[in-house]
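Read the structure below first, then the notes.
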Amino acid sequence: MHFNDFLRLTWGALILWVLVKTSEAVLLNEYAIQFDGRYLLSIITAGFALVWYRQFLLGPEQATYSLMIKHGFGSRGVSLMRIGRSIIRILLISVILMIPTMLLSAALLIFYGYIGETYSNQLMNDIVIKSTFIVMFAFSPILVRLSLLTVGFALGRKSMRMRQIWEQTRGYGMSLWLLVMRAFLPLSIYGYLVDWCLQEMTSHTTFHYLLTELIINIPAGIVTFVLLAIVVTANAEAFRILIGVREGDAPHRPDAGQKRDEQFVPAD
């Protein structure tokens, strides 16, 4: 990992991360308002992931948030149509994953009722967690390839489609899955343990709630972005080897937005 570039691209995102988490605490403790910042955190981490793809594949000159927004949404800048298509795609994927999750949850609910389990919020949460894990595992070959489509978006490839990615990664599904899991699982377990330890430490102190939030969320945010950078690096390396990086991914001239040669540069 390029540590200086990591710091350059992370400090702003980390500040936003901490602001969202502390805002949740302030609204709850001062105004009794429950604010769920998970969606904002998802946008922050997604932005970092996209720009880190550019860092790994194109170099630091092309790894800025402004260039990512400009070229990630195409040569003509941010397009409402492209944003709309991206939102629709996300919603469709969510619905596709939600349907089997709901069906499996209903089946498990019936099963637990049949064996005499008492319905409770804890049981419902357990069922949802199990169903989500099973469905995500079952659809993981597709989800891993969708992540490669995200790489194409970060590089500004407007013409890239899922069919192209599927054809170029045919026979590598298990390798892609193992690559992502090897990068994700160890650090995710480490991140969970760090968060749990910090929660336990602060639960036995009398710190002001804002100081407690900072003690918990600054290390948690750092671990999250380190984890994300490692997973993105592994995914980007798979993209570089299986699909390739081309000259048009890093435009330098004013006419860079015009149609370029589609020939991929062979991976080293």
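Which pairs have Cβ atoms under 9 Å, sit 6 or more apart or on different chains, and link a residue in the range 115-133 that is closer than 28 Å to residue 181 by Cβ to one that is surrounded by 11 or more Cβ atoms within 10 Å (Cβ to Cβ) and of a type in the set (Val, Ile, Thr)?
So the pair list comes out as 128/101; 131/101; 132/101.
Being among the charged types (D, E, K, R) and at pLDDT 70 or above, is that true of even one residue in the range 211-222?
Checked against the condition, which is being among the charged types (D, E, K, R) and at pLDDT 70 or above, the range 211-222 yields at least one hit.
In the range 21-31, how many are among the β-branched types (Val, Ile, Thr) and within 10 Å of residue 217 (Cα to Cα)?
1
Closer than 28 Å to residue 81 by Cα, in a helix (DSSP H, G or I) and of a type in the set (D, E, K, R): does that describe residue 182?
So residue 182 does not fit the description; no.
Yes or no, residue by residue, for (1) surrounded by 15 or more Cβ atoms within 10 Å (Cβ to Cβ); (2) within 28 Å of residue 67 (Cβ to Cβ):
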{"residue": "113", "(1), (2)": "no, no"}
{"residue": "117", "(1), (2)": "no, no"}
{"residue": "124", "(1), (2)": "no, no"}
{"residue": "127", "(1), (2)": "yes, no"}
{"residue": "170", "(1), (2)": "no, no"}
{"residue": "173", "(1), (2)": "yes, no"}
{"residue": "177", "(1), (2)": "yes, no"}
{"residue": "184", "(1), (2)": "yes, yes"}
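Of all residues in the range 143-158 being of a type in the set (A, V, I, L, M, F, W, C) and surrounded by 15 or more Cβ atoms within 10 Å (Cβ to Cβ), which is nearest to residue 99 (Cα to Cα)?
Only one residue fits best here, namely 143.
Among the residues of the range 31-50 satisfying the criterion of being of a type in the set (A, V, I, L, M, F, W, C) and more than 12 Å from the chain's Cα centre (by Cα), which is surrounded by the most Cβ atoms within 10 Å (Cβ to Cβ)?
Per the stated criteria, the residue is 40.
Search the range 44-73 for residues that are free of Cβ contacts under 8 Å to residues at least 40 places away in the same chain and pair each with any residue that is in a helix (DSSP H, G or I) and acidic (Asp, Glu) when their beta-carbon atoms are under 7 Å apart and the residues are at least 6 apart or on different chains.
none
The values are calculated or read from the model by the stated rules, or taken from the named source; none is laboratory data. These figures come from a predicted structure and were not determined experimentally. Note that we place each Cβ from the backbone using ideal geometry, even for glycine, and neighbour counts take in every protein chain shown.
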